[in-house]
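Here's the structure we're looking at; comments come further down.
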Amino acid sequence: MQPGRLVVLFDADCGICAATAAWLRRRDRAGRLELVPLQAARDPGRPLLSSVAAGHDLHGELHVVDETSGQIRAGGAALTAIIGRLPGGAAAARLGGFPAIAWLVGLGYAFVARNRHAIGRALRMERSCRVLEPRA
C-alpha cells in the first residue's frame, strides 16, 4: 500500500457498489484509492481493516479507512473523502468540510442508499444490494 492511499470498502455482491467501484478504478489514475470488497476486509495481515470489519456494520453504509492516520469515515463523509482523492476533486472535498455542505452530502447519500433497489432496477443491475437492508 502506498502512503496516503484511502481504502474504500465496498460490497462486491451489490450491483451499484460494484459498478461504482469499477468507475472509481477508472477515474483513479494516480492510484490514491484501494478498493477492497468488504467481504475481504477481515484480512489478518491488515489489523486496522480487521478492526473496522469487526467493529462496524459495513453493510450499513460506505466506509473508507486511511491506514496511515487510522481515520475511518462512513456515509457522506466517506463519499467526500473519496472525491478528494480523485483528479480535480480537492476543491469539492474542501467544500464538503463545511457543515452545511457535509449535511447536504450526507442527505443525498442517504437518499441514494435508501432507494438503491429502485436505482439498481432502473439501471438493470443484476445483483441485489444488501447495504442498509434490515438484518433478520
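The values are calculated or read from the model by the stated rules, or taken from the named source; none is laboratory data. Just so it is clear, the structure is predicted and the values come from calculations on it, not from any experiment. Here the Cβ positions follow ideal geometry from the backbone for every residue, glycine too, while neighbour counts run over all protein chains shown.
For the reader, a short list of remarks on this structure follows.
- Some residue of segment 60-69 being in a helix (DSSP H, G or I), over 13 Å from F10 (Cα atoms), among the hydroxyl-bearing types (S, T, Y) and in contact with a Lys or Arg (Cβ under 9 Å, 6 or more places away or on another chain): no
- The listed residue being under 29 Å from R124 (Cα atoms) and not hydroxyl-bearing (S, T, Y), out of L95, L6, L38, L48: L38
- The residues in segment 1-15 that are farther than 16 Å from A78 by Cα and at pLDDT 80 or above can be counted, and the count is 1.
- Residues being in contact with a Leu (Cβ under 7 Å, 6 or more places away or on another chain) and not small (G, A, S) - total across segment 7-33: 11
- If the condition is being farther than 19 Å from G31 by Cβ and either in a helix (DSSP H, G or I) or not aliphatic (A, V, I, L, M) (or both), then segment 72-86 contributes R73, G75, G76, A77, L79, T80.
- Residues of segment 62-88 that are surrounded by fewer than 20 Cβ atoms within 10 Å (Cβ to Cβ), closer than 22 Å to W23 by Cα and in contact (Cβ under 8 Å) with a residue 40 or more places away in the chain: D66, L86, P87.
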